[in-house]
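The values are calculated or read from the model by the stated rules, or taken from the named source; none is laboratory data. From a predicted model like this one, the values you see are computed outputs, not experimental measurements. Cβ placement follows ideal geometry from the backbone for every residue including glycine, while neighbour counts extend to all protein chains displayed.
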Amino acid sequence: MASSEPTDTAPEGRGVSWREMAVARSLDSARTRAENRVQRFMAAATELINASDRRDFTVQEVVERSGQSLRSFYQHFDGKYELLLALFEESVAATAELLRSKVEEEVPPTERLHRFVVEYHRLCSLPTGKGARKGAPPVVTDFAQQLLTDRPREAARAFAPLVAIFRELLDDAVAAGVVRTGLEGRATGMILEAIMFNAFSSTIAGAALGDDQAAAEELWDLILHGIAAR
């Protein structure tokens, strides 16, 4: 005779079976373990980069520092390139979250755009010379350039969080009538690229490197007003 005891923990809705729930629990547990292993590999690679600021570390060095196996590494990454890509994507995502928190301190659409440009420029500025302030390791910048040149589709995916934030800000500014319409499409990429690589503009123009804030404000003025006579 079938039991008539209540099954107060039974799944609701479409009536998911206990087998499906058990499998789901198993998958969730496996996913958590995999995420932990991946994080340990990424943390080990980050430590190697920060220790020597170089990209020529080996997979074996990462494996040894992580305390895991080579077999486990290749279960999650095809090779060192995929590991660097994962690190870069995580860095971009963290940058996007930081920028979002900064622009949310502003209210007018123009000021939100301004804050994004200035803050992103600051984050992208490279440390130069001995005793320079701590900034993004050159290895990260080198990888970004390689990605944009050699793997444009992967670059687009990696930069998606930044693109999404800037498009929101641009759309809000257009809606408020403070920025002209017709900037959809490539404008976002052009502006983000201008901010990212503005660090090289001083060299190209033959100007001395100096105040990053001043450089950021000059870039903002160019972005907002262009070069047409007012």
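Structure values in brief
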{"item": "Identity of the residue in the range 56-71, in a helix (DSSP H, G or I) and of a type outside the set (D, E, K, R), that ends up surrounded by the fewest Cβ atoms within 10 Å (Cβ to Cβ)", "result": "Gln60"}
{"item": "Breaking point among (1) at pLDDT 90 or above; (2) not in a helix (DSSP H, G or I), for Ser101", "result": "(2)"}
{"item": "Cross-chain or 6+ apart pairs with Cβ under 9 Å, the range 97-125 first and not assigned by TED's automatic domain parsing to the domain that holds Trp220, then modelled with pLDDT under 90 and assigned to a helix (DSSP H, G or I)", "result": "none"}
{"item": "First in the range 75-95 and within 14 Å of Thr46 (Cβ to Cβ), second anywhere and at pLDDT 90 or above and not in a helix (DSSP H, G or I), Cβ under 8 Å, 6 or more apart", "result": "Lys80/Thr58; Leu83/Phe77; Ala86/Phe77"}
{"item": "Out of Glu61, Glu82, sole residue that is of a type in the set (Asp, Glu) and under 18 Å from Ala160 (Cα atoms)", "result": "Glu82"}
{"item": "Complete set of residues in the range 32-74 that are of a type in the set (Phe, Trp, Tyr) and without any contact (Cβ under 8 Å) to a residue 24 or more places away in the chain", "result": "Phe57, Tyr74"}
{"item": "Given (1) more than 30 Å from Cys124 (Cα to Cα); (2) modelled with pLDDT under 90; (3) of a type outside the set (Lys, Arg), index of the condition Phe73 fails", "result": "(2)"}
{"item": "Subset of the range 72-98 (residues that are outside any helix (DSSP H, G or I) and not acidic (Asp, Glu))", "result": "Phe77, Gly79"}
{"item": "Odd one out for Met190, checked against (1) part of a helix (DSSP H, G or I); (2) touching a helix residue (DSSP H, G or I) at 6+ places or on another chain (Cβ under 7 Å); (3) at pLDDT below 90", "result": "(2)"}
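Here's the yes/no breakdown for (1) modelled with pLDDT under 80; (2) surrounded by 10 or more Cβ atoms within 10 Å (Cβ to Cβ):
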site	(1), (2)
His114	no, yes
Thr128	yes, yes
Ala132	yes, yes
Thr141	yes, yes
Ala155	no, yes
Ala199	yes, yes
Gly210	yes, no
Ala214	no, no
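A quick yes/no check of all residues on (1) among the hydroxyl-bearing types (Ser, Thr, Tyr); (2) within 29 Å of Glu89 (Cβ to Cβ); (3) at pLDDT 90 or above:
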position: Thr9; (1), (2), (3): yes, no, no
position: Gly15; (1), (2), (3): no, no, no
position: Thr32; (1), (2), (3): yes, yes, no
position: Asn36; (1), (2), (3): no, yes, yes
position: Ala43; (1), (2), (3): no, yes, yes
position: Thr46; (1), (2), (3): yes, yes, no
position: Asp53; (1), (2), (3): no, yes, no
position: Phe57; (1), (2), (3): no, yes, no
position: Phe77; (1), (2), (3): no, yes, yes
